[in-house]
Amino acid sequence: MDPMTNGIIGRLLAPEIIWIAAMAALALSIVITTIFSFARRPGRRPEDMVSTVFVECASCRWTGEVPRLRKRCPVCGANNFTT
């Protein structure tokens, strides 16, 4: 018997085959998940999912929308707002 062909498939043993199959399944699931995450809801951006409020900065008088939970002025960085 040839020592180079003593595995199940060529030179691969059962634990190696299982490991390769598990890695292939993991790689395939990563690719599928990535494709579905970009394919779903093409019109929705992360900015659209954040709740915002319209305010005016008391420091620099900038007006616009800022996230409701993290109120920081995008111009000066202050958190002093008027409504």
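Which whole-Hz couplings ³J(HN,Hα) result when phi for each residue of segment 67-77 is put into the Karplus expression 6.51 cos²θ - 1.76 cosθ + 1.60, θ = phi - 60°, listed in order with x for Gly and Pro?
After applying 6.51 cos²θ - 1.76 cosθ + 1.60, I find x, 4, 8, 10, 7, 9, 6, x, 8, 10, x Hz.
Take the Cβ-Cβ distance between Ile32 and Phe54 as r, set R0 to 41 Å, and report the resulting FRET efficiency rounded to the nearest 0.05.
0.55
Non-local amide H neighbours of Phe81 (under 5 Å, H modeled in plane, Pro and chain starts lacking H): which ones?
Close amide H contacts, sequence-distant or interchain: Ala58.
Would you mind counting up the charge near Cys73? Only other residues with Cβ under 14 Å from its Cβ, with Lys and Arg at +1 and Asp and Glu at -1.
Result for the neighbourhood of Cys73: +2.
Throughout, read-outs are computed from the coordinates displayed, never taken from laboratory work. Just so it is clear, the model here is predicted, and its values are computed rather than measured. For neighbour counting, all protein chains shown are included, and Cβ atoms are generated from backbone atoms with ideal geometry for every residue, glycine included.
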